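Novice: Before I ask anything, let me first share the structure, which is written out below as structure tokens.
A short reminder: the numbers here are calculations on the coordinates, not readings from a lab. Treat the numbers as computed from the prediction; the structure is a model and nothing was measured. Don't worry about glycine lacking a Cβ; one is built from the backbone with ideal geometry, like all the others, and counts go over all protein chains shown.
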Amino acid sequence: MHELGVPTGQGLRRKIYETRVLVASDAHLPYLDPSLLSMLRTTIREFSIQCVLWLGDFFDCHKYNHLVPVDQRLIWKQEKQMIVDLLMLINEDLERVGGYQMISRGYHDHLWLNRHTGTEDMRSLVRNLDPTVATLMQQGRISISDSATLEGIPDVRGEMTWVFTHSLHYVSTLFQTPREFAKREQKHCIAAHAHYFDVVRDEEQAFWIVEAGGIFRDKLSRMDTHTETTWRRKQSSFWVIMEGSQPLGFCSGCEPSMVTSPCSCVRSMP
């Protein structure tokens, strides 16, 4: 099971010891893509997912988002309820296998914490959402990483084989962030923040290099002012990472009948 009671700190790297992990980044709540939620929940059940990793920018904190006009209809109280409702839904899906959720720091979370000195860290931010969330944290059903980088998916020797990260800086060059991490860490890597969605192998064919995409609504990507490339999409998506297997990507364009197969949008890898 994951670590309980470890000290917090932005420099501390949490470890995920489970071998069936669903990685959902950049939810930018309340701007979640509703069409993807049903697929995500079905995937949790079909793959007996043990951990759902919210890999940064779980909150949008849209007051500090220069890409999305402030939606004055959404006050913080309403936003909090949407966030709590989602956490409760996913908790129900994970109960069958005793799974849990991990929420890690992202860029928008970082901005929020920097501007709200009364909120010490990610743990405080999440715990203060609702008493039911605080209870799940005490029970180990929701865990927090105050660091933007984690490790996980142990091999038979107990060595972690994956690194999960959410860069605090936007990098427009495709695969640059996960490729650099994979080379330095000598692990497979999935990187969030850029909202790109794809997978390749590194030059030595040793490690998977994954751009995480995100489960935000499409309108968020259409407002992105950064230069688009000929490479397809910033598309609503998530990943299933399992020990010894090719990472499986799922996006809003997937056919429901193909939910247990890799997304056809992702290049087929040898």
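Novice: Just want the ordering: W162, W54, from fewest to most Cβ atoms lying within 10 Å of their own Cβ.
Specialist: Lowest count first: W162, W54.
Novice: Moving on. Using the count of nearby Cβ atoms within 10 Å as a rough guide to exposure, how do T42, T161 rank from fewest to most?
Specialist: By the 10 Å Cβ count, ascending: T42, T161.
Novice: Loop only by DSSP, 12 or fewer other Cβ within 10 Å of the Cβ. Give me the GluC sites (Glu not before Pro) in segment 135-210 that pass, ordered by residue number.
Specialist: E159, E203, E204
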